Structures are given as C-alpha cells and as structure tokens.
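Take a look at the structure set out below.
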Amino acid sequence: METNADSAIWLATPPASWPTAPAQMTVTTLSQIESCPRQWALSAADYPELWNERGYPPRFHLSALVGTVVHLALETITRALIRARCPSLQDATAIQVMKDLGGFTKVVNDIIDRALADLASSPRARRSLEFATRSLRAKVPELRTRVHTMLCRVRLPPPSPYPAARCVHTERRPLTTGVFSEVDLRAKQLGWKGRADLLVLSPDECEIIDFKTGAPDDRHRFQIQVYALLWSRDADLNPDRKRATRLVLAYDSSDVEVHAPNDSELEVLETHLGTRRDAAYLAVSQHPPQARPQPDSCQYCSVRHLCGEYWTPETQRQMAQDCDEQRFVDVEVTITGLRGPSSWDGRVELSRGTATGKAAVIRKHGNLNLAGR
Amino acid sequence: MPGGAGFAQRVGRLGLVVFQDALRILENCPEKCDRSCYRCLRSYKNKFEHDLLDRHVGASLLRYALHGTPPALGTTRVEYSTDLLFNDLERQGIDGLVLERNQPFSIPGLTDAIAPILVTNGSGRQFIVGLYGPLTPDEPCDEALRDLKEFGANIPVILEDELVVRRNLPTATARLLELIGAAGKQ
C-alpha cells in the first residue's frame, strides 16, 4: 500500500535546514565534502516528511549493496572467530565456529535479509525491493566465494605466551595483545575518527587490516594510513602511542601492503588532515554549501535532482561534453496536459540529451501514482 | 496463425505422459550423444537452438519435476568437465601456479575428501576447485566438498558452473584465475 512518504519522494524538495558539520571527520565524509559540499549537505540533511532516518533515503544500488554484504559477512565471521579465541583458521575451532554460524551461505543469506530489511525502510528503494531481492539472491554463490576467499587470507597471529585478548572491541580502554575487529579509532584532539576492520596486536607488532570489496584505489591507501595515524593518536585505546607497523588492504583476490608511516610521516599527515578538515568545515558552513558540478561526480550523485546547480544550462552543457554515460540522460519537463490514462504530454525545459522546448511524452511505469503531481 | 496452433492446450490435456515421453527421449538417445543430436533433440526446425540443447540437463530437470530426484550430473560427465578445466588452467602456463588433480586432503573437524582440482598459487595459498550443475548453483557435484564449502575456514572452495566449463571454457578459466589471484600472469 502506498504511504505518504512513497508519494512525497516524487517531490524534489530541498531540505528545510542544512546540516551542521560532523563533530568528527572521517575519510569518507572528507572525500564527499571535498568532491562537492552541496552533495554532502543534501545527502546528510534531515527529511522528516520522507522518513525518520538520517539523511536522504538511499536508492537501490546493486554493486554498493554487494560490497556491504561481503563486508558485513566478513565482520560477522571474524567477530565469531575472535570471540571463540580461535588460534588460527587451520584449527578445528574455526570449523566449529563456522558450523555454529550455519556455514558461509547462511551467513551471507542472513546479511542479505538484513540489507533488504534496511532497503525496505527507504521510500526511495522500496519500489525496487523485488528486483533487489532477486538480484542479491542470485548472487549468493558469488558472494559466498568472495567471502570465503577473503577470509582465508586473514592471518590470525599464532598463540602468544602473553595474555591475549581476542575479543570484539566495545569499550574504549587500552588494548593490549590480541585480535580486535571493528575498532573505532578516535583522535579527539585532531577531530578525526575511523573504524578499522581488524587490528592485530602483538608485543612487537601492530597490524591494521581493512577489507575492500572494490578495485584497488589510491584512496584506500590514504584511508588506511589515516587509520594508522588515528591509532597512534587514540589516547583511550593506545595511551603509549605505539605505531602501526603493518598496513594491509585485503581485496577480493589479493592483499596489498601499504607503507606504514613512521613518526615524522605521521606528524606530516596529522598537519595535512587538520588543514583538510578545516577547509571541509568551512565549505559546509555556508548555506547552501557550494555545489561543484563535475561529470564524474554528478553522474553518480544520488541527490542531483535536488541540486539547483545541476539543473542549469551551463552544467548540462558540461555534462553533454564530458559525461561517459550516453544511454540515459536526465531531463526536466513541464507537463502540459493529460494524454491518456497513464501518459502525459510535456515540454522539455532542460536536458543534455535533447533541445529545450521539444515536445515530450511521459509514460507511467507500473503502479506508480502520479495523481496530483 | 491467429490464436496459435493449439499445441499448448493439447499438451495440457495430455498431462504427464508428455513429460514422461520427453524424459525417455532425453535419457535414451540411440546415439548416446554428448549434448544433443538429430537422433534425439535436433531437427531442421530448431536449428537456431542446436547450440543450446543439452539433453542431460533437461533430463535432470524433468526427473526432479516428475520424481523429485535432486538434479545431478553423471560422474563421467563431471570428471570429463573437470579434466577440461584442469587442462585449460595448466595450458595457461602460469609461473608458480601448482595444479593437482584428484588430490586427497584432510582438515581437522571435517571428513577427509578428494579435491577435484587443488590449486596452490605463487603465494602458497591453496584453493579447491570443483564444479556445480547448472540447475543447482553452488551445490558441488562432489558430495564431499559440501561441508568444506560451508565450514572450511582455511581453504576456499571455488565452484564453477559445469555448463560454463563445457560451453565457455575461457570465461570459467578467467574467473578462476581472478579469484586465485593469478589473473594477468599468463
């Protein structure tokens, strides 16, 4: 049954108020703000007329959801292995942990259930739920293989003579030797935070592992080096300011080792992050924040329908010149009259794909209710 | 012909006998052909579909529909297809990649089994490669791999679609090389 939110999602209404800058910066937020402050603000603002969650409701994006499922499955399994104090993946304990979890396929299916439930709460994605369910279920074998392959590369350190705390980290207290998953790293003075997928601490080593489901990217290297800095500056978890000695990006088919910064490199990185954080805060303190339309970011932007800067002839001209995507284009149309029970006549106002003023016919797909729009 | 020739309606009235006859034809090709031939499924009229016809896959689907028999491929066919994949992987001549066929392995907590293809890559990481039937994705043809696929935390089990191996071997090989971290090393 259609709700008010399902109907309201078709109105491109900017937020009533612009969001304030996040209390602590993360690599993802910084990247979004630097790419386009307006995009970040439109995505992060509250839309109480649409739903009760934070930000603009997400749409269904298969590859993003696939990445999330792989990531959460790895998180679930590594947490269980750590909880069971599994000494290594070769050990029979690891088999027992997997049996207790019901096997890789069950873990993946359970996480897909959760992901689909989250999707169902978004008025923007609800219509795609059936397609999302079919697409994700069809990918279970592939997802199981990816999770299995990535997990097998995780190195749990051999049992140590030192007391080992193999636990899921929840409290903010000093971490000693052990394996910790999903560690929230916070450098309060720096105003930055991040979450490391896996932290392996031994008396002489500190290894940070981050699971990555996409293609290798220089931004991943930057992100894990930021984690190294946050670990060294996290006064709660690491009061002795020990340095990370090994940084690993675990991709689908291989691990990539990233240079672990030394003390002087950490200081340089700290200054660099402070400068970029200040610039980002300044950018989102303007209301509305500046829009930076670029074909690379606009074509994947999920809030571009709300962005006034995107719907200008200059931006559309730039998109027409530089945008790779030619099969689908955005179009602004004024409806001029009803043509049939599920179609309307219209006039093109703006589009990179067709001339302004051209006549258009808009056809309704499925049970979409456009009454009164 | 407006409204069709009425074949679909007649099939509905004939009931199970049509499916039983179809299964008989699929299972008993006089030529004992590999996939399809002019003695069982092929005719001039379906010449554009010849490449898509596989009597064994069709028979396993019908056996499941009529008798509830889980879809399965014959051992000989699975062995033949596994050989195809193994030989194609070997043919790539990738330095440091060790391939072993029908290798016994044992993992604490699980029953001992035979790896259809055991791959060791240049970094010393091992993978077990097997096949699944096209109607049962991710269900290994080899029963012994089932537990390992779900519970074996230290050695990944990679399963390929038997039909893809037979019909599009380069795709199957490329996907495998990607997963074992050997893509682009040919």
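The values are calculated or read from the model by the stated rules, or taken from the named source; none is laboratory data. The structure displayed is predicted, hence computed values, not measured ones. Here the Cβ is made from the backbone with ideal geometry for all residues, glycine too, and neighbour counts use every protein chain on show. Note: accessible area is taken over every heavy atom of the protein model, side chains too, but ligands, DNA and RNA are not part of it. Shrake-Rupley method; radii C 1.70, N 1.55, O 1.52, S 1.80 Å.
Go through segment A:243-298 residue by residue and tally those that are among the acidic types (Asp, Glu) and within 30 Å of residue B:121 (Cα to Cα). Before the answer, list the steps.
Residues of segment A:243-298 among the acidic types (Asp, Glu): A:252, A:255, A:257, A:263, A:265, A:267, A:270, A:278, A:296.
In the following step, the residues that additionally are within 30 Å of residue B:121 (Cα to Cα) were identified as A:252, A:255, A:257.
Matching residues across segment A:243-298 total 3.
Take the residues in segment A:57-111 that are of a type in the set (Ser, Thr, Tyr) and surrounded by fewer than 20 Cβ atoms within 10 Å (Cβ to Cβ), then tell me which one is farthest from the other protein chains (Cβ to nearest Cβ). Let's see the steps before the verdict.
So in segment A:57-111, the residues of a type in the set (Ser, Thr, Tyr) come out as A:63, A:68, A:76, A:78, A:88, A:93, A:105.
Within this subset, residues satisfying the condition of being surrounded by fewer than 20 Cβ atoms within 10 Å (Cβ to Cβ) are A:63, A:68, A:76, A:88, A:93, A:105.
Values: A:63: 16, A:68: 20, A:76: 13, A:88: 8, A:93: 8, A:105: 6 Å.
The residue in question is A:68.
For segment B:150-186, which residues satisfy the criterion of being within 17 Å of residue A:140 (Cβ to Cβ), out of contact with any strand residue (DSSP E or B) (no Cβ under 6 Å at 6 or more places or on another chain) and at the interface with chain A (Cβ under 8 Å from one of its Cβ atoms)?
B:150, B:151
Report whether or not residue B:103 is outside the structural domain of residue B:134 (by TED's automatic domain parsing) and outside any loop (DSSP other than H, G, I, E, B).
Numbers: outside the structural domain of residue B:134 (by TED's automatic domain parsing): no; outside any loop (DSSP other than H, G, I, E, B): yes.
When the stated conditions are applied, residue B:103 does not pass them.
For segment B:113-135, how many residues are buried (at least 19 other Cβ atoms within 10 Å of the Cβ), in contact (Cβ under 8 Å) with a residue 40 or more places away in the chain and aliphatic (A, V, I, L, M)?
3
Within segment B:75-91, count every residue that is in contact with a helix residue (DSSP H, G or I) (Cβ under 7 Å, 6 or more places away or on another chain) and either open to solvent by 60 Å² or more (accessible area, probe 1.4 Å) or not basic (Lys, Arg) (or both).
Step one: filter segment B:75-91 for residues in contact with a helix residue (DSSP H, G or I) (Cβ under 7 Å, 6 or more places away or on another chain), giving B:77-78, B:81, B:84-85, B:88-89.
With the extra rule that they be either open to solvent by 60 Å² or more (accessible area, probe 1.4 Å) or not basic (Lys, Arg) (or both), the set shrinks to B:78, B:81, B:84-85, B:88-89.
Residues flagged as in contact with a helix residue (DSSP H, G or I) (Cβ under 7 Å, 6 or more places away or on another chain) and either open to solvent by 60 Å² or more (accessible area, probe 1.4 Å) or not basic (Lys, Arg) (or both) within segment B:75-91 amount to 6.
Residue B:42 passes all but one of (1) open to solvent by less than 100 Å² (accessible area, probe 1.4 Å); (2) within 25 Å of residue B:77 (Cβ to Cβ); (3) at pLDDT below 95; which number fails?
(3)
Could you figure out which of (1) within 14 Å of chain B (Cβ to nearest Cβ); (2) in contact with a helix residue (DSSP H, G or I) (Cβ under 9 Å, 6 or more places away or on another chain) isn't true of residue A:269?
So residue A:269 meets the others, but not (1).
Please find, among B:16, B:61, B:52, the residue that is open to solvent by 60 Å² or more (accessible area, probe 1.4 Å), outside the structural domain of residue B:131 (by TED's automatic domain parsing) and over 20 Å from the mean Cα position of the chain (by Cα).
On the way: B:61 fails: over 20 Å from the mean Cα position of the chain (by Cα); B:52 fails: over 20 Å from the mean Cα position of the chain (by Cα).
On inspection, the qualifying residue turns out to be B:16.
Here are some residues: B:138, B:147, B:95. Which one is crowded, with 17+ Cβ neighbours inside 10 Å, part of a loop (DSSP other than H, G, I, E, B) and either away from chain A (no Cβ under 13 Å) or free of Cβ contacts under 8 Å to residues at least 40 places away in the same chain (or both)? It would help to see each step written out before you state the result.
Numbers: B:147 fails: part of a loop (DSSP other than H, G, I, E, B); B:95 fails: crowded, with 17+ Cβ neighbours inside 10 Å.
Result of the check over B:138, B:147, B:95: B:138.
Restricting to segment A:174-190, give me the number of residues that are open to solvent by 10 Å² or more (accessible area, probe 1.4 Å) and at pLDDT 90 or above. Steps first, answer last, please.
Going through segment A:174-190, the residues open to solvent by 10 Å² or more (accessible area, probe 1.4 Å) turn out to be A:174-177, A:182, A:184, A:186, A:188-190.
Now drop any that are not at pLDDT 90 or above, which leaves A:174-175, A:184, A:186, A:188-190.
Number satisfying all stated conditions: 7.
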